[in-house]
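Right, one structure below, let's go through it.
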Amino acid sequence: MNRRVLVMLAAAWLIAATPFAGERSQPVDCLPDRLEWSAAGPDPSVRFGAANLPGIVLGPPGDSAPVIGSTSVASLGHGGSAVFSWADVILEDGPGPDFIVFENAFFSGAGPTDPADDFVVFVEPGIVEVSADGVQWVAFPYDAGALAAASGVSGVDRALYLDLRGLAGLTPTLTGDWTVPDDPDVWDPAGTNGISGAGGDAFDLATVGLSEARYVRIIDADSRNGFPGAGDGFDLDAVVVLNGRPTQPAASDSDGDGLSDAAEVELYGTDPALSDSDLDGVDDGREVAACRDANSALAGPAHLAEPRLWLSGAACTEARWTFLGSTESYALLRGDLSMLFADAGGVDLGNTTCLYQGPAAVRYSCDADQPAAGEGFFYVVRTANREQYGWSSDLEPRDTSSDCP
Ligand SMILES: [Ca+2]
Ligand SMILES: [Ca+2]
Ligand SMILES: [Ca+2]
Ligand SMILES: [Ca+2]
């Protein structure tokens with residue numbers, strides 16, 4: 001039996017009529033929680049990746065090679081825009097860059113192997129704006145002349161790449177630590193082709209004079225660098241917070257680090273009586289908000305792999321969930337609401353049907369089964385093949401004794 005699963009996922013089904021509905025509390029992490037998507041016309045629904053929204057752009061970047069762009073993206077088209085916001089995190093101006101925008105830029109031909117090497121990179125620039133309130137926006141400055149020079153060009157050389165700084169969609173997205181920002185002016189001998197972390201373009205709130213922000217907006221710069229079609233324009237992969245703090249928790253937070261006592265014990269494994277559990281000078285809340293392990297001074301991305309689920313449909317039910325990594329597997333279950341019951345140990349799903357179990361797809365296209373009159377279905381998505389699937393609504397670990405179904 002699948003005990004102790006997140007019963008709140010059933011609530012997603014109940015509000016499934018609204019696209020992208022299903023907003024609920026998630027563990028604190030660096031990944032955005034909400035998306036307003038406004039791809040360019042005339043039919044945004046046929047754009048590359050549109051069928052996988054919003055989950056495809058709300059997780060980490062996909063693993064990519066320097067000369068092959070990530071496909072875990074959605075294309076904005078020429079002039080399209082996307083607004084990201086965070087339910088539990090406030091972006092802060094901390095040391096260095098404060099967030100990274102990942103597009104699927106890649107080297108055209110071999111990437112540089114030496115700081116002096118020239119290179120050609122296939123860019124599709126996007127203008128990046130931030131806001132503290134979702135009303136007043138400020139754009140990161142860029143060189144309009146450089147953008148004009150890049151217009152219609154299928155690849156830019158090193159000099160033009162550097163002149164485009166301030167825009168996103170420039171630096172190739174790679175495979176690596178996606179919590180490490182790249183500095184295009186610095187050759188990183190430990191990186192790939194001199195690029196730090198997983199690449200992408202990093203932005204510092206200090207550049208635009210903001211001490212904190214709640215929203216990031218990306219607007220395709222209409223520079224028409226790609227082939228016309230469903231995938232043209234800015235191909236959005238991910239946005240990752242590097243400096244942020246949790247919003248004030250509703251429950252008791254004894255050490256004032258922004259994480260409730262219960263969440264520290266049950267979710268993050270941190271000390272609820274110590275604001276900096278690993279004594280590295282950064283408090284637990286800020287580490288969790290930046291997808292870093294608050295229990296280890298070692299670097300490396302860390303976050304709770306808790307996929308979200310969005311449902312929609314009429315004749316059949318379509319499920320979409322969060323992309324959590326190129327190697328992640330998922331299980332999608334359907335059950336009968338009448339079989340659900342809760343006891344002191346958690347929630348028992350009853351007998352469930354396995355609809356999907358497999359690698360990093362983020363969509364199940366069509367469940368044609370319908371509940372009988374007076375009955376209801378619930379759906380659960382979870383990461384598969386993990387020692388721990390996640391946490392129950394009372395913050396207890398899920399039982400892992402049962403595979404899909
Ligand atoms: Ca900063
Ligand atoms: Ca705390
Ligand atoms: Ca703590
Ligand atoms: Ca710490």
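A short reminder: the numbers here are calculations on the coordinates, not readings from a lab. The structure presented is a predicted model; accordingly, all values stated were derived computationally and were not measured. Every residue, glycine as well, gets a Cβ built from its backbone with ideal geometry; the counts of neighbours run over all protein chains shown.
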In deg cm²/dmol, rounded to the nearest 500, the helical mean residue ellipticity at 222 nm of the chain, built from -39500 (n - 2.57) for every DSSP H run of length 4 or more, is -1500 deg cm²/dmol
DSSP beta bridges in the chain: the antiparallel percent, rounded to 5, is 95 percent
Size of electric dipole in the chain: Cβ of Lys, Arg +1 and of Asp, Glu -1, about Cα centre, debye, nearest 20: 1440 debye
Most fluctuating residue of G96, G79, G374 in a GNM of the chain with Cα springs under 10 Å: which is it? G374
Grab the eigenvalues of the alpha-carbon gyration tensor for the range 28-245, scale each by 5, take roots, and send me the semi-axes largest first in whole angstrom. 23, 21, 16
Extreme residue, positive dipole direction of the chain, given options P66, A319, A202 (C-beta unit charges): A319
Could you let me know the centre-to-centre spacing of the range 268-314 and the range 52-85, using Cα atoms, in angstrom? 23 Å
Overall dimensions of the chain as given by Cα atoms, namely Rg and Dmax in Å: 21.5, 70
Can you tell me how the range 179-234 classifies by the Cα gyration tensor, rounded, prolate or oblate, using a/c under 1.5 as the rounded cut? oblate
Please compute the length gained on full extension between L162 and V67, using 0.36 nm multiplied by the number of residues separating them and subtracting their Cα-Cα distance. 32.3 nm
Rounded, prolate or oblate (a/c below 1.5 giving rounded, otherwise prolate when a/b exceeds b/c) for the range 247-391 by Cα gyration tensor: prolate
What is the range 77-201 by shape, rounded, prolate or oblate, if you read a ≥ b ≥ c off the alpha carbon gyration tensor as root eigenvalues and call it rounded for a/c under 1.5, prolate for a/b larger than b/c, and oblate otherwise? oblate
What does the charge dipole of the range 28-245 about its Cα centre add up to, to the nearest 20 debye, if the Cβ of each Lys and Arg holds +1 and the Cβ of each Asp and Glu holds -1? 480 debye
Contact order relative to length of the range 88-185, as percent, for alpha carbon pairs under 8 angstrom and 6 or more apart: 34 percent
